[in-house]
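Below: the structure, in structure tokens.
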Amino acid sequence: MTYCLGITVKEGIIAIADTRITAGNEMYSNKKISIHEIKDHSLFIMTAGLRSVRDKAVIYFNQTVEEQEAAYNYMHEAATAFGQMLKKVAIEDRETLEKEGYQFNLHAI
């Protein structure tokens, strides 16, 4: 189970997430928050769900930002861009993952 929490405070936003990842009997640590510097702003993405889906969506998001020199004036624009990358991963990988018994899922803040 993953725990992610975002709290709005007067100075901005505080975000925390656990780092434990469990796969069967194996446990290891890895970041569940990715921080992205875009122009004069930064944003973070916190995720829970299938790790391969998360990694691929974040990589595609980073490539989009770099290639298009994207500047998001509003948070919903960045959220929409990440959502589009998640849809791209779904088109590419959902069928194969489900054939192998995995559930295609990713939750993001």
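The values are calculated or read from the model by the stated rules, or taken from the named source; none is laboratory data. Bear in mind the structure is a predicted one, so any value in this text is a computation, not a measurement. Every residue, glycine among them, receives a Cβ derived from its backbone with ideal geometry; neighbour counts consider all protein chains shown.
In this structure, Ala48 does satisfy being in contact with a helix residue (DSSP H, G or I) (Cβ under 9 Å, 6 or more places away or on another chain) and at pLDDT below 85.
Scanning the range 93-109 for residues that are surrounded by fewer than 12 Cβ atoms within 10 Å (Cβ to Cβ) and assigned to a helix (DSSP H, G or I) returns Glu95, Thr96, Glu98, Lys99.
The requirement of being among the aliphatic types (A, V, I, L, M) and in contact with a helix residue (DSSP H, G or I) (Cβ under 9 Å, 6 or more places away or on another chain) is fulfilled nowhere in the range 2-19; no residue meets it.
Determine whether the range 43-56 contains at least one residue that is under 16 Å from the mean Cα position of the chain (by Cα) and over 21 Å from His107 (Cβ atoms). No, the range 43-56 contains no residue that is under 16 Å from the mean Cα position of the chain (by Cα) and over 21 Å from His107 (Cβ atoms). Among the residues making up the range 31-47, those that are part of a strand (DSSP E or B) and touching a residue at least 24 places away in the same chain (Cβ under 8 Å) are Ile33, Ser34, His36, Ile38, His41, Leu43, Phe44, Ile45, Met46, Thr47.
The condition of being farther than 12 Å from Ile109 by Cβ, basic (Lys, Arg) and at pLDDT below 85 does not hold for Arg94. Among the residues of the range 51-109, which ones are among the small types (Gly, Ala, Ser) and under 21 Å from Gly24 (Cβ atoms)? Within the range 51-109, Ser52, Gly101 meet the criteria. Any residue at all in the range 26-37 that's in contact with a helix residue (DSSP H, G or I) (Cβ under 6 Å, 6 or more places away or on another chain) and surrounded by 10 or more Cβ atoms within 10 Å (Cβ to Cβ)? Within the range 26-37, one or more residues are in contact with a helix residue (DSSP H, G or I) (Cβ under 6 Å, 6 or more places away or on another chain) and surrounded by 10 or more Cβ atoms within 10 Å (Cβ to Cβ). When the range 47-83 is limited to residues that are among the charged types (D, E, K, R) and within 21 Å of Ala15 (Cα to Cα), the one that is surrounded by the most Cβ atoms within 10 Å (Cβ to Cβ) turns out to be Arg54.
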